[in-house]
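This report refers to the structure that appears directly beneath it.
What follows draws every value from the coordinates through simple rules; no lab data is involved. Being a predicted model, the structure only gives us computed values, none of them experimental. A quick note on method: Cβ atoms are made from the backbone with ideal geometry, for glycine too, and the neighbour counts reach across all protein chains shown.
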Amino acid sequence: MPTPTTTYALSKPTVGGDDNAWGTELNSALDKIDDLFDGTTAIKPNLDAGLWKVGGVAVTSTAAELNILDGVTASTAELNILDGVTASTAELNILDGVTSTAAELNILDGVTATTAELNFVDGVTSNIQTQFTAKANLDSPALTGTPTAPTATAGTNTTQLATTAFVQGAAYPTYATNQATTSGTAFDFTGLPSTVSEIEVHFQAVSLNASGNQLVQLIVSGTPLTTGYVSSSGTSGAENSTTTGFIVFGSSAAQDVSGSMRLVQVATGIWVESHSVSLGSADANGGGFIGGVGTVTGIRLTRTGTASFDNGNVTISYR
């Protein structure tokens, strides 16, 4: 009797057996081998990973990776769709856990968006159309609540939106801290914005301890301008003038000045001044101008002569 092989039961002729049986046994074994090669009989190979090839190309997939296909019902045509796919394992693994149906995935059929374009929606957590709908229109938006906007620089004259803060600044001046003029010879107000175009100096019973005139000077780049003014101030029957500042008439010691002096930049670098103040028992009026002035950053109150201030308060407002 021939002995069969363990796995595929190929007949092994009996050594020393019947000579006529050898041919039959060999033919039977060859037929079984032929069935193995042509697929008639299923084979059970135990292949080493990385050592077997398909079409001359080494297969590097592990058994675990190949087992992922267990239960796949896709047809050959459907699997052939993967032919030419260049996505990496990491990129394909992004699909792990996707619950979309075939119909839902087929919506992508014909999509021409690039990866970069599709990635624009990365991180979107709610309906995009709803978000767009919630935004204001560019054309005649109907805003609600308390909309805000950047506040333009003072003096801006364009079609830019004006906030309430801009309107407040344009309609109402900013006041500097009041300074007592009970001693000293000069009082500076600095830190004015470069866009300032109107300044008022407010006197409250300001006086000198000796005969002299009070002077208002522009401060440019930190330095008071002491020349170039055309200025005069006077009262009934008397008038004083100077080129060293905008003058407020004074004739004697302890003559209190109360009122306001207004300075306006009427063109770039050109400032005009006017004032009407009380001297207690009389009034003083005057005006003047100065041109070729740089950016004004402050105001100084001083005096002519050598007298010192001995009474009152002074402040400024600007816009």
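Here the Kirkwood formula, the inverse mean of 1/r across different C-alpha pairs, assigns the range 175-318 a hydrodynamic radius of 14.8 Å.
Note down the magnitude of the dipole of the chain about its Cα centre, charges +1 on Lys and Arg C-beta and -1 on Asp and Glu C-beta and zero elsewhere, to the nearest 20 debye. Numbers along the way, then the final one.
Values: 9 positive and 27 negative charges, 515 e Å.
Rounded to the nearest 20 debye, it is 2480 debye.
Size descriptors for the range 1-46, from the alpha-carbon set: Rg then Dmax equal 11.7, 36 Å. Helical runs (DSSP H, four residues minimum) scored at -39500 (n - 2.57) apiece and divided by the length of the chain put the mean residue ellipticity at 222 nm at -4500 deg cm²/dmol. Once the Cβ-Cβ distance of Thr177 and Thr223 is raised to the sixth power relative to R0 = 25 Å, the FRET efficiency obtained is 0.70. Between Ala267 and Ser61, the simple spin-label model (points 7 angstrom out along Cα→Cβ) gives 8.8 nm.
How much length would be gained if the chain were fully extended between Ser211 and Ser241, taking 0.36 nm per residue of separation minus their Cα-Cα distance, in nm to one decimal? Write down the numbers at each step before the final one.
Values: separation 30, 0.36 × 30 = 10.80 nm, distance 1.50 nm.
Fully extending the segment from Ser211 to Ser241 adds 9.3 nm.
Put a plus charge on the Cβ of each Lys and Arg, a minus charge on the Cβ of each Asp and Glu, and nothing anywhere else: the dipole of the range 163-319 about its Cα centre is then about 220 debye.
Each part gets one Cα centre, and for the range 28-104 versus the range 299-319 those centres are 97 Å apart. Of the residues Val59, Ile107, Gly155, the one whose Cα sits farthest towards the positive end of the charge dipole of the chain is Gly155 (charges of +1 on Lys and Arg Cβ, -1 on Asp and Glu Cβ, taken about the Cα centre). Rg/Rh, computed from the Cα trace of the chain with Rh as the Kirkwood radius, has the value 1.66. When the chain is described by a simple charge dipole with +1 on each Lys and Arg Cβ and -1 on each Asp and Glu Cβ, the residue from Pro224, Gly288, Ser278 located farthest towards its positive end is Ser278.
Treating r as the C-beta distance of Ala165 and Ile128 and R0 as 30 Å, the FRET efficiency rounds to 0.30. Each label point was placed 7 Å from the Cα along the Cα-to-Cβ direction; for Thr115 and Thr24 their separation is 6.7 nm.
Take every pair of alpha-carbon atoms less than 8 Å apart whose residues are at least six positions apart; their mean separation over the length of the range 157-275 yields a relative contact order of 25 percent. Pairs of Lys residues in the chain that lie 8 or more places apart, or on two chains, and have C-alpha atoms under 25 angstrom apart add up to 5. Does a label point 7 Å from the Cα of Asp310, set along Cα-to-beta-carbon, have any residues of the range 255-292 with amide nitrogen under 15 Å, and which are they? Residues 255-257 qualify, since their backbone N sits under 15 Å from the label point. Loop exposure criterion: chymotrypsin sites (Phe, Trp or Tyr not before Pro), DSSP state outside H, G, I, E and B, at most 16 other Cβ atoms within 10 Å. Applied to the chain, the longest stretch between such sites is 53-319.
Take the Cβ-Cβ distance between Ala42 and Leu95 as r, set R0 to 41 Å, and report the resulting FRET efficiency rounded to the nearest 0.05. Working shown, then result.
Numbers: r = 32 Å, r/R0 = 0.78.
That pair, Ala42 with Leu95, gives E of 0.80.
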